[in-house]
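Every number here is computed from the coordinates shown, using simple stated rules; none is lab data. In this text, all values refer to a predicted model and were calculated from it rather than measured experimentally. Every residue, glycine as well, gets a Cβ built from its backbone with ideal geometry; the counts of neighbours run over all protein chains shown.
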Amino acid sequence: MSGETSADDPRAAPGGLRISRRAFLAAGIALGGGLLLTLRFSESASAEDALIGAYVKIAPDGIVTITAKNPEIGQGMKTTLPMLIADELDVDWQNVRVEQAMLNSIYGPQFAGGSLGTPLNWIPMQQVGAAARQMLISAAASAWAVPAAQCVASRGVVRHPPSGRQLTYGALSERAAAQPAPDLASVTLKKPSEYTIIGKFTGGVDSARVLDGAPLFGIDVSLPQMSYAVYEKSPVFGGRVVRANLAEIKALPGVREAFILRGASADAAVKMGLVDGVAIIADKWWDAQKALEKLRVEWSPNSAPSQSTSGFEQQAAQLAREAPHAIIRRDGDVAAALRGAARRLEASYAYPFLAHATLEPQNCTARVNRDGSVEIWAPTQNPGPGAQLVARTLGIDAARIRVHMTRVGGGFGRRLNNDYMAEAAMIARWLGRPVKLLWNRPQDIQHDAYRPGGFHQFVAGLDAAGKPIAFRDHFITFGQQGHVASSADLPRDHFPAGFVPNLEYAQSLIELDVPTGPMRNPGGNALAFAFESFLDEMAYAAGRDPLALRLELYGPPRILPAPPARVGLKIPPFDTRRVRGVLELVAEKSGWAQRHALPRGTGMGLAFYYSHLGYVAEVVKASVNPDGVPQIHKIWAAVDIGRQIINPAGAFNQAQGAILDGLGQALHLFITIENGRVVQRNFDAYRLLRMHEAPPLEVHFLRSNNDPTGLGEPALPPVLPALCNALFMATGKRIRTLPIDPQALRRSAA
């Protein structure tokens, strides 16, 4: 770790979730004895909910069971959140056991997305642990008839130093349960110098079981009398079933049933709800899958067949020649500034649709009980909206749905949508017995909520000193019924907005009948490539060092006005000091100043991006082989996500994984649409990054005096432009369309 030292008060800086006045602690005796502690977000929570949703249980033998409230999708929240509680509770980590919560309103928001797990829960989880510690101290003081101020707690033991007496947490647990729960706002949190678990490299609580192949994932769920299901939907989005060879399918070996389900509407595909399809039920999934190969369905036509990738490109080219549909932002007078500029620069950038391609395909197990209630086992990132979707689909009250959150074999935003939950629930109700729905790989790739493609027409004006004085982007993106499609927007404050005096962001829409949605770092995973690459073009056009130009643009240290709060989180203001910090750190670690001494044909590229409250700068060193294939030699990243890295093991994994994810997008990934359907069906055509392509990575964390933030997403965007900028230095060839085309690089090198 390197960088600024931080204040010793964990609440010194603004930002982070603060517990509302409606949240309170409830304590009781656990089943089997011991302390049961619950943080309630609603006074209406029932006693049963309190038992199900208890955060902390301390057993008489001293074992502490902590419930992880958020889904675990590989980002480490099942380890990180309990670490926060355990450290403030002051118990040895080896005596902690972690259980996954079910969906329950007692926890407040339960989701994995937006890298919000840490900022939303940093303070609340610490407060829960501190409150439990305070109750244990009060219990010991009561037992010894001494002032609580004379007692100290550490490593699972409360001591009374004046008398030398001590009691374990286990011995105190039932007495502690009788103590009044303290006001969370009044509990004293540890100073960072007192942490014993936070900041220590800690393996994932499930890691050993994952390596052993333990049944943790949704795909592993098994229930008594469970059948297996596959569900075939129209390859053209929004298509409806006309007829299918159901009788033939029912006669196949192992098949129990085959039937048609009707979706809510033709546009349910875009809205990621239940759509028309054919369900095949068998005693074994493989029997259902083999039957699927013989299924013949006639689908009704709709408007989607007219849509294609080539058609989108033609529309974008036409729209680029026309006046934009709307102005998103306008500062100053761009036209006048461009006329007076010493140098004018224009470039067009484009990027494709992408699929999430989670390694665990979409799946869900559902059981409809005799009383009409529904039980769901699902690898979901967003269980609350999933339960609501199932309720709407089945026409029942959401209170009658219980959701078990399984471990998720990759999410990246795909499992924020819960279409597979609605499918499983409907099939289970029709069948009248438990059913596990499992998609195959082609279904998973061809029925996604895709990262939308986009087209940018950039124009910049530079003054005689090479400083940007004008900037325009005509962003051609995708819309649905006149509104920007999910994750297809350009934020009006996107850099360099606010940093160039004359700026215009304009927008035009291409109507789309393909579902889109958030993908790891929504927006940023595409916008960073376009904007940071064009910024590099501006630097070279001006004869400037790309690092120096960025530092000049962001200017001296200053704090911009804070944006409005969202999802209960006070958003910290943008701080240019933090930008400068990571840029200078990555330049130092990568040897940026010596890049011109690299061998001929090798280049270094730089990029910075701010997203999800994280500041990340990256440098890539790369060359091109004789076939035009990029060879990535090393990547450096400087990351500022606040004063505290809760679990360095998880932080490094997340940063490195995000960077490799971005590399795969730059080098290989694209989705092609023809006649309203996705062409790619499997990993042979949708090629993920291979192990031999993964370069050495250095990740350096820069401490700043800010609340800790998430890391699942911020490290991804900068690597795409940094790689493309490095390849320009190596070959002189600008990459303005993703994925990178080796043929173009080979021709330029020949």
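Side notes on the structure shown:
- Of T380, T65, the sequence from fewest to most neighbouring Cβ atoms within 10 angstrom is T65, T380.
- Proxy reagent accessibility, fewest Cβ within 10 Å first, across L84, L223: L223, L84
- For the chain, the longest site-free run once GluC sites (Glu not before Pro) in DSSP loop states with at most 10 other Cβ atoms within 10 Å are removed: 323-750
- In the chain, the DSSP beta bridges split such that about 75 percent are antiparallel, to the nearest 5.
- Computed from phi, the 3J(HN,Hα) profile of segment 522-531 under the Karplus parametrisation 6.51, -1.76, 1.60 (θ = phi - 60°) reads x, x, x, 5, 10, 4, 4, 4, 5, 5 Hz, with x in place of Gly and Pro.
- Simple spin-label estimate for Q94 and S373 in nanometres, 7 Å along Cα-Cβ: 4.1
- Fewest neighbouring Cβ atoms within 10 Å first, the residues L723, L560, L688, L738 line up as L560, L688, L738, L723.
- Helix-derived mean residue ellipticity, 222 nm - over the chain, DSSP H n ≥ 4, -39500 (n - 2.57), to 500: -8500 deg cm²/dmol
- Sequence-ordered 3J(HN,Hα) estimates for segment 289-298 from the Karplus curve with 6.51, -1.76 and 1.60 and θ = phi - 60° stand at 5, 5, 5, 4, 5, 9, 6, 10, 10, 9 Hz, glycine and proline given as x.
- Label zone at Q225 (point 7 Å along Cα-to-Cβ), backbone N below 17 Å, segment 362-380: 366-376
- Residue list for segment 443-472, given a label point 7 angstrom along the Cα-to-Cβ vector of R330 and an amide N cut-off under 17 Å: 459, 470-472
- Here the dipole of the chain is about 140 debye; that uses its Cα centre as origin and unit charges on the Cβ of Lys and Arg (positive) and Asp and Glu (negative).
- Here's how it looks for A607: its modeled amide H is under 5 Å from those of E618, which are all 5 or more places away or on a different chain.
- Euclidean distance of C-alpha centroids, segment 634-649 and segment 387-412, integer Å: 34
- Once backbone amide H atoms are built at 1.01 Å from N, V157 has Y169 as its partners under 5 Å, excluding neighbours fewer than 5 places away on the same chain.
- Computed FRET value (nearest 0.05) for K467 with A399, which takes r as the C-beta separation and R₀ as 60 Å: 0.50
- Efficiency of FRET from Cβ geometry, V567 and A247, R₀ 35 Å, rounded to 0.05: 0.10
- Both radii come from the Cα set of the chain: Rg as radius of gyration, Rh as Kirkwood radius; their ratio Rg/Rh reads 0.99.
- Projecting the Cα atoms of I510, N525, G568 onto the charge dipole of segment 506-568 (Cβ charges, centred on the Cα centre) puts G568 farthest toward the positive pole.
- Calculated FRET value between S265 and E584, using beta carbons and R₀ = 41 Å, to 0.05: 0.15
- Length released on extending from R392 to T602, taking residue separation times 0.36 nm less the Cα-Cα span: 69.9 nm
- Spin-label model distance (nm) - N682 vs E298, 7 Å beyond Cα toward Cβ: 3.1
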